[in-house]
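A.B. asks: Please read through the structure below; I'll follow up with questions.
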Amino acid sequence: MNIKILPCVAFAGVMALAVMGNSSYAGDAMPTPALYSQLETFHGHVCAGSIFGARLGLAAKEALKEAGGTGKFTARYYDLSCPVDGIQVAAGTTYGNKALTVQERDEHRLVLTATGNKRAVEARLTKKAEELGLKSRDLGKKAKALPADAPERVKLEREIEDIYAWLKTAPTGEVVSITHFPSSKGSK
Ligand SMILES: [Zn+2]
């Protein structure tokens, strides 16, 4: 009896550790801290846009997998800006492997298509996430205009950090909204 129980206990322990360290994928399409540091290296700075890309990319990938999408996944994004790097890192669809195309339409919208059975999902930011992204950008501009050691600047930078922390770790449903398409022709 004990022998049967033991593996479960060990497994539960591992799960608890993973959750505490916030380093496991818990089925919520949540990027890990490791992914975020990889993204920071790749992208060259921390910003709301690249975090958005990671959230959109991972949420879309997991949603498409859950929907039974088969074959190679290809991504299309509608704005050439910071989120593109987050998508490349989180969804694994890169410009170099020809799995990513970008169209300039000024829309933060990702369409991920499964080439095998033409299933597709569209991922967009929620209103809350979008507003916080804009806010972090405004605060950043204000902070840069102040001397580096000004208490007001330190306060603004802390506020920006808080926004990034939320964008990174909030439940996927609060950051990303997903729409499923029966076919790949989600957009022209
Ligand atoms: Zn950026």
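A.B. asks: Just need a number here: residues in the stretch 33-77 that are buried (at least 18 other Cβ atoms within 10 Å of the Cβ), away from the ligand (no atom under 15 Å from the Cβ) and not in a helix (DSSP H, G or I).
C.D. replies: Adding up the residues that qualify gives 5.
A.B. asks: Output the number of the condition that Thr93 fails; it satisfies all remaining conditions of (1) under 17 Å from the mean Cα position of the chain (by Cα); (2) surrounded by fewer than 19 Cβ atoms within 10 Å (Cβ to Cβ).
C.D. replies: (2)
A.B. asks: Scan the stretch 110-121 and tell me whether some residue there is touching a residue at least 24 places away in the same chain (Cβ under 8 Å), exposed (fewer than 13 other Cβ atoms within 10 Å of the Cβ) and closer than 22 Å to Glu66 by Cβ.
C.D. replies: Yes - at least one qualifying residue is present in the stretch 110-121.
A.B. asks: Might you check whether a residue that is in a helix (DSSP H, G or I), within 16 Å of the ligand (Cβ to nearest atom) and among the aliphatic types (A, V, I, L, M) occurs anywhere in the stretch 147-155?
C.D. replies: No - not one qualifying residue is present in the stretch 147-155.
A.B. asks: Within the stretch 129-146, track down each residue that is surrounded by 15 or more Cβ atoms within 10 Å (Cβ to Cβ) and not in a helix (DSSP H, G or I).
C.D. replies: Leu146
A.B. asks: On to the next question. Based on what the data block shows, is Asp28 more than 16 Å from the ligand (Cβ to nearest atom) and either in contact (Cβ under 8 Å) with a residue 12 or more places away in the chain or part of a loop (DSSP other than H, G, I, E, B) (or both)?
C.D. replies: Here the answer is yes, as Asp28 does meet what is asked.
A.B. asks: Being under 28 Å from Pro33 (Cα atoms), of a type in the set (D, E, K, R) and modelled with pLDDT of 95 or more is true for just one of Glu152, Glu161, Glu104. Which residue is that?
C.D. replies: None of the others qualify; the one that does is Glu161.
A.B. asks: Only one of these conditions is not met by Val102: (1) within 16 Å of the ligand (Cβ to nearest atom); (2) touching a Lys or Arg at 6+ places or on another chain (Cβ under 9 Å); (3) within 22 Å of Leu167 (Cα to Cα); (4) among the hydrophobic types (A, V, I, L, M, F, W, C). Which number is it?
C.D. replies: Answer for Val102: the failing condition is (3).
A.B. asks: List pairs: first residue in the stretch 45-57 and under 21 Å from Ala99 (Cβ atoms), second residue within 8 Å of the ligand (Cβ to nearest atom) and in a helix (DSSP H, G or I) anywhere in the structure, Cβ distance under 7 angstrom, at least six positions apart or on different chains.
C.D. replies: What qualifies is Ser50/His43; Ser50/Asp85; Gly53/Asp85.
The values are calculated or read from the model by the stated rules, or taken from the named source; none is laboratory data. As the structure is a computational prediction, the values presented were derived from the model and not from experiment. As a convention, Cβ positions derive from the backbone with ideal geometry for all residues, glycine included, and neighbour counts pool all protein chains shown.
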